[in-house]
């Protein structure tokens, strides 16, 4: 009797349950699943009948899980995850004897994050070719993904809704000063930063725009004296006493000898992430590279 009920369960029913639980709404779940609301209602009703329990309470405030519904949806998520892993492993087994994976990245991530991952990937999958496109800033990375020129991208948040992302690391924004700079206290003050000649990237740089907005939020309007594209050139100009700079720590590396590094008065980070188009059908090679990047994220945290 019990086996018969288990055998009747449909994957679509579990998918509907998970989506309704996430949305707390039958109508919103129908929109996300691109089916009719009646199809969602029928799937939940038939699942409740198959299991013999009430999973959701319907009311004016939406659909809420019952206590047993919470337990069932947790197991439904496990089933969904295991099925995804099964298909992923099958794809990898079929498709890792050759192929090509294309990565697009902004330059500092390509320099400091990707080489170790590529080395591991080539050791595990020597028959698969890897190509890297590196850019000054993230707009070119995201355009490569949109145009199908890259399978995976290394960018930073926030991204648009068209991308699925996985956090890779938090990269602190730091203030860098010449060797002869002496702060008034152990903690850098906004006034000291605003008073110093500032070396930044040219107008339109996405990361610099985030840094300007962060400072503006705290009453500091920054005006760069020099605008330089190369991170290495900026660091060397700071080392020679020509000014200070705000920079993600990753972009500043390797920091020249003598350059002084300070946390901002109100700390700031950018979240570097892996990105792929949500509707993209990744190749087995791309999935394998994605898995290695996810593993790298644990080391980078």
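Counting only residues that are surrounded by 16 or more Cβ atoms within 10 Å (Cβ to Cβ) and over 30 Å from residue 194 (Cβ atoms), the range 268-279 holds 5 of them.
Over 20 Å from residue 137 (Cβ atoms) and outside the structural domain of residue 101 (by TED's automatic domain parsing): does that describe residue 234? No, not satisfied.
Would a scan of the range 143-162 turn up a residue that is farther than 20 Å from residue 300 by Cβ, surrounded by 15 or more Cβ atoms within 10 Å (Cβ to Cβ) and either assigned by TED's automatic domain parsing to the domain that holds residue 206 or under 15 Å from the mean Cα position of the chain (by Cα) (or both)? Looking through the range 143-162, at least one residue is farther than 20 Å from residue 300 by Cβ, surrounded by 15 or more Cβ atoms within 10 Å (Cβ to Cβ) and either assigned by TED's automatic domain parsing to the domain that holds residue 206 or under 15 Å from the mean Cα position of the chain (by Cα) (or both). Against the list (1) loosely packed, with under 15 Cβ neighbours inside 10 Å; (2) assigned to a loop (DSSP other than H, G, I, E, B); (3) out of contact with any strand residue (DSSP E or B) (no Cβ under 8 Å at 6 or more places or on another chain), the condition residue 265 fails is (1).
Among residues belonging to the range 44-67 that are assigned to a helix (DSSP H, G or I) and loosely packed, with under 13 Cβ neighbours inside 10 Å, point out the one that is nearest to the chain's Cα centre (by Cα). Per the stated criteria, the residue is 67.
Among the residues of the range 107-127, just one is touching a strand residue (DSSP E or B) at 6+ places or on another chain (Cβ under 6 Å) and either farther than 26 Å from residue 211 by Cβ or not in a helix (DSSP H, G or I) (or both), namely 118.
Out of 296, 280, 276, one residue alone is in a loop (DSSP other than H, G, I, E, B), under 30 Å from residue 102 (Cβ atoms) and in contact (Cβ under 8 Å) with a residue 12 or more places away in the chain. It is 280. The number of residues in the range 89-122 being in contact with a helix residue (DSSP H, G or I) (Cβ under 6 Å, 6 or more places away or on another chain) and modelled with pLDDT under 90 comes to 5.
The values are calculated or read from the model by the stated rules, or taken from the named source; none is laboratory data. Worth saying up front: this structure is predicted, and the values here are computed from it rather than measured. Heads up, the Cβs are rebuilt from the backbone with ideal geometry, glycines too, and the neighbour counts pull from every protein chain shown.
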